[in-house]
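Take a look at the structure set out below.
Just so you know, all these numbers are worked out from the coordinates, no wet-lab data involved. Model, not experiment: these values are computed from the prediction. Methodologically, a virtual Cβ is constructed for each residue, glycine included, from the backbone with ideal geometry; neighbour enumeration extends over all protein chains shown.
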Amino acid sequence: MAQRSEILTVYVAGLIQGVALVTFPAASAVFTNPGDYGLSSTEYGGMFVPQAVMAIISSLLGAGLRKRLGTKRIYILGLFANLLAMTLLVVSRFVMKEHSLAYAILLVATAHMGIGFGFTVPALNTFAAAFFPQKVDRAVLTLNALLGLGTALAPVFVALFVGLGIWWGLPVLVGLLVFGLLLVSAGQTLKDGAKSHAAHAHKAKIKFPARFWIFATFALLYGVCETMNGNWGVPYMTKHFGASAAVASLALAIFWSMVTAGRILFAAIEKWFPEPMVCRVLPFVVAAAFVATACVPKTNSFFGILSFALAGLGCSALLPLTISFGQKELTAIAASAAGGLIAFYQIGYGIAAFGVGPLQTAAGLDLSVIFGGTAIVALAMAAVSFVVTRKSSPHHSQRPA
């Protein structure tokens, strides 16, 4: 049984990783403001391409590196990458008027954020599952609830620091927290519970069974839906509703707050509302939220905020449940499954983060149309959810006797 200090470290790391992950999209008003970085919609979306690419690569490479280095070392490398991302973001502010140079630094910063996310999040999910092997779903949901809480705090901190005239205070704060986490984690054991499978993993190459690709498809579709709200919510509020940066940050904070609240809620009521049912119902909530967001009149930003709240509730438990379902069903490759699912989630992230800009500029589509069209992606996710939650046949199960 892991020590309480190690469990606390892992769950606090989830919280800090959540803040770090949303630091860049939470500051979108700064990046697109002509008086600051002055990025276009395409440049803003393109800023997240290195993050998605490096998150995919690091998530996929992480499984193989874990066999050589161990999960703890991969987790530590992820923290170093997060620290470097925050450092580069702070450095970029000193050259923001040099457009090309500042943008290049931002691209390198988001690339390191992708590495940090791709190494850290699968490791944290693996640690949480190992800490509570009899309650994997709840353990992973709780971890991701704290990660969600961090994502909710990021736009609040951005609004606070922008109000003080020092928006860069957030990456400084996150950098200090990550540095402290590095110091604490370095002195802990942080075992992932995978030793029983070490001999098998060493002898054979990892093979993903057919069921994995169902989980992967679901994670990709979810990544598109979450990123539409998480990365484009602030631009939508400022351009469609004419909302101030503070109101737009509030909408984003409420979205992530509902993501967190939903994860806590569904972990608490699992006896009355089982996880498979949650996984089947929530995609329809996400689809409804996209339709509502697209149909809200431009004069009513309040209902726009409510639509993002509904989207947050719909998104809340889907990714952590997919990871926990996959890890339980594919136990022999649990760590690899977590990394693979994070990679496919990041593919969806990249599609939505970058794809919106060209749809606006090249195709001439309004953001409201793009939000409404994403409801189709949510409905596809709903269809896949019934396959994801289907009870596995004996030959699918990878759980040891």
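A few notes on this one:
- Linear extension gain, residue 160 paired with residue 277, 0.36 nm per residue minus alpha-carbon span: 38.3 nm
- Mean projected area of the convex hull spanned by the Cα atoms of the stretch 315-388, taken over all viewing directions: 5.5 nm².
- Equivalent ellipsoid dimensions for the stretch 1-95 as semi-axes, Å, which come from the Cα gyration tensor, largest first: 31, 16, 11
- Residues 316, 185, arranged from fewest to most other Cβ atoms within 10 angstrom of their Cβ, appear as 185, 316.
- Neighbour-count order for 310, 83, fewest beta carbons within 10 angstrom listed first: 310, 83
- Residue 191 versus residue 134: modelled label distance in nm, points set 7 Å from Cα along the beta carbon direction: 1.8
- Rounded tilt (10° steps) of 275-295 against the dominant C-alpha axis of the chain: 10
- Amide hydrogen neighbours beyond the local backbone of residue 270, cut-off 5 Å, H modeled: none
- Counted without the sites themselves, the longest stretch of the chain free of trypsin sites (Lys or Arg not before Pro) in a DSSP loop having at most 12 other beta carbon atoms within 10 Å is 98-204.
- Between the stretch 342-381 and the stretch 56-81, the Cα center-to-center distance that results, in Å: 29
- Ranked list, fewest to most other Cβ atoms within 10 Å of each Cβ, for 112, 99: 99, 112
- Using alpha-carbon coordinates, inclination of helix 99-131 to the longest axis of the chain, degrees: 30
- C-alpha long axis of helix 169-186 to longest principal axis of the chain, angle in °: 10
- A simple spin-label model places the labels of residue 213 and residue 362 2.7 nm from each other, with each point 7 Å out along Cα-to-Cβ.
- Förster radius 41 Å - calculated FRET efficiency between residue 173 and residue 3, Cβ distance, rounded to 0.05: 0.90
- Here the chain was treated as a single set of alpha-carbon atoms; its pair distances binned every 10 Å from 0 give 5, 25, 35, 24, 9, 2, 0 percent.
- Separation in nanometres of the label points that stand 7 Å from Cα toward Cβ, at residue 386 and residue 93: 5.1
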